[in-house]
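Here, each number is a calculation from the coordinates, and none is a lab measurement. Please read all numbers here as calculations on a predicted model, not as lab measurements. As a convention, Cβ positions derive from the backbone with ideal geometry for all residues, glycine included, and neighbour counts pool all protein chains shown.
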Amino acid sequence: MKLENLTFKGGVHIPEYKDLTKDITIEKAIDPEIVYISLHQHVGAPCEAIVSKGDTVKVGQKIGDSKAFLSAPVHASVSGVVKSITKMYTSDGWKSDCVVIESDGLEELHESVKPLVNLDNLSKEEIINLIKDAGIVGLGGAGYPMHAKLVTADDSNIDTAILNGAECEPYITVDHRVMLEQPESIIKGLKIIMHCLDLKTGYIGIEDNKKDAIEMLRSSLKDEENIKIVSLKTKFPQGDSYRMVDAILDRKVPEGGRCKDVGAIVSNVSTALAVAQLFELGKPLYERTITVTGSGIKEPKNLKVKIGTTIKDIIEQCGGFNGEPGKIIAGGPMTGKAQFSLDTPIVKATSAIIVMTPEEAILNEPVPCIKCGECLKVCPIHLQPVLLSAYALKDMFEMTQEYYVEECIQCGACSFICPSKRPLTESIKHAQREIKLARKKSKK
């Protein structure tokens, strides 16, 4: 099987802007005095608080949980006292209940945080339950509960596990750094996933702009036969799981389908690291590494940050702003969320904080479409963005459905390439929201 220079049809080449942080070692951030831990940091049902105002908590202690299958518990990221439970906006744009904890500075670990027993002594169900209790979700940005992915994969005819190390969004270097600094743990995480699903074949897909990470992981896997490193062309959105399966396995996920429908499970390399650290250290997901970068930051860094830390606290640890900020984005510039406040806390799915200058943040005025067809060429789903957008802007949502609007992954490639700077992705997102809302109302 070919393992070099693989890719998918479509996509776009975007300036990378990764030089600011790609060679900077991950640094542990100073713990904040107060954290604001959202009870809804994942796809699925929100958690309910299982602590109250005035309670003393320890690092790694479960503070929120749900009886729903599609959910993920949340844990205290600092030790201290619960000051309140209040609604507030988080960096992913949602308003949710947050447990506010004032740190005592002791960083005392909860008694449950300890290395787990030998993996071979655990059943598949026990492994999945441990992953669920640890609150591990997809750290590539989606926030899908890992235990749910494993359960649905186990019910399907899966033959291959893939770790996504593409990190195709500009600016972000989190996955690049963890692949260089903790390759053995990432491999262990993949092996746990493969063990859980009884799989014999695994791949780690990495874009070819990270040659040092490719070499590092290949060196770490030199004695392994069942896990291979795949070099992928640097192109956006190569990190989308369906594109990853297409490039590596030459399998097309059907309309409305999932990776499991073509025999694959795809997880992010940082998610695999979290799985490994659960079994190595007994550590639930209460902190993550993020990239803090952009021309508007004085000292760009890769930081290991406690979940619930505010953007303000993170920016201060990077020397503050480099002049007046023009735009602050949580996540990547293509799929992230612009922030309206520095007081919003990060969540499990926050991979980066990007600060742009006012000059970089200027929006171009859209002009009429010139019918060049570039948006059709780059669409990784092979949709017709120009038609979808035209119908969406006229609120003709039924027509957008005839052109498969719900298959759009909102990657933004069409908006990026458009010479007329049409609001393609924005209008298509609008159509998707309206269709979902109408469907929800019809069920009442």
**Message:** Over the Cα atoms of region 123-281, each weighted equally, I'd like the Debye log10 I(q)/I(0) at q = 0.12, 0.19 Å⁻¹, rounded to two decimals.
**Reply:** -0.45, -1.23
**Item:** Total charge dipole magnitude, region 1-102, about the Cα centre, Cβ charges on Lys, Arg, Asp, Glu only, Debye to nearest 20
**Value:** 320
**Request:** Determine, from the Cβ-Cβ distance of GLU126 and ASP395 and an R0 of 60 Å, the FRET efficiency 1/(1 + (r/R0)^6), rounded to the nearest 0.05.
**Result:** 0.75
**Request:** Show me 115-121, 223-229, 324-330 ranked by packing, highest mean number of other Cβ atoms within 10 Å first.
**Result:** 324-330, 223-229, 115-121
**Complete:** In nanometres, the difference between 0.36 nm per residue of separation and the alpha-carbon distance of SER52 and LYS436 is 134.7 nm
**Message:** List the pairs from LYS283/LYS304; LYS132/LYS348; LYS28/LYS283; LYS114/LYS304 whose alpha-carbon separation is above 18 Å, in the order I gave them.
**Reply:** LYS114/LYS304
**Item:** Two-decimal ratio, region 14-90, of alpha-carbon radius of gyration to 2.2 N^0.38 Å
**Value:** 1.43
**Environment charge of GLU299, counting only residues whose C-beta is closer than 11 Å and scoring Lys/Arg +1, Asp/Glu -1** = 0
**Request:** Indicate, rounded to the nearest 5 percent, the antiparallel portion of the DSSP beta bridges found entirely in the chain.
**Result:** 60
**Item:** Those GluC sites (Glu not before Pro) in region 16-89 that DSSP places in a loop and that have at most 14 other beta carbons within 10 Å
**Value:** GLU33
**Complete:** Using alpha carbon centers only, region 268-283 is separated from region 104-182 by a whole-angstrom value of 5
**Relative packing of 364-373, 309-318, which averages over residues the other C-beta atoms within 10 Å, highest first** = 309-318, 364-373
**Complete:** the chain, Kirkwood Rh and Cα Rg, ratio Rg/Rh at 0.95
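If packing is taken as the average count of other Cβ atoms within 10 Å, what order do 398-406, 72-80 fall into, highest mean first?
Final packing ranking: 72-80, 398-406.
Rounded to the nearest 20 Debye, what is the dipole magnitude of the chain about its Cα centre when Lys and Arg each give +1 and Asp and Glu each give -1 at the C-beta?
1120
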**Request:** Have a look at ALA76, CYS168, THR291 and report the one farthest towards the positive end of the charge dipole of the chain, computed about the Cα centre with Cβ charges (Lys/Arg +1, Asp/Glu -1).
**Result:** CYS168
**Item:** From phi via Karplus (6.51, -1.76, 1.60), per-residue ³J(HN,Hα) for region 298-312 in Hz, x at Gly/Pro
**Value:** 5, 10, x, 8, 10, 10, 8, 10, 6, 4, x, 6, 6, 4, 4
**Dipole of the chain, positive direction: furthest Cα of PRO368, ILE248, ILE187, with charges on the beta-carbon** = PRO368
**Fill in**
To the nearest 20 debye, region 123-281 has a Cα-centred charge dipole, built from +1 on Lys and Arg Cβ and -1 on Asp and Glu Cβ, of 240
**Selected from LEU383, CYS411, MET399, residue furthest toward positive end of dipole (region 374-442; charges at beta carbon)** = CYS411
**Fill in**
Using alpha carbon positions and the Kirkwood radius, the Rg to Rh ratio of region 389-444 is 1.01
**Item:** Under 9 Å, Cβ to Cβ, from HIS110 - net charge with Lys/Arg +1 and Asp/Glu -1
**Value:** 0
**Item:** For region 67-108, average projected area of the Cα convex hull in nm²
**Value:** 4.0
**Item:** Helical mean residue ellipticity (222 nm; -39500 (n - 2.57) per DSSP H run of 4+; nearest 500) of the chain
**Value:** -8000 deg cm²/dmol
**Request:** Could you pull out every Cys in the chain that lacks a partner Cys with its beta carbon under 4.7 Å away?
**Result:** CYS47, CYS98, CYS168, CYS196, CYS259, CYS318, CYS369, CYS372, CYS379, CYS408, CYS411, CYS418
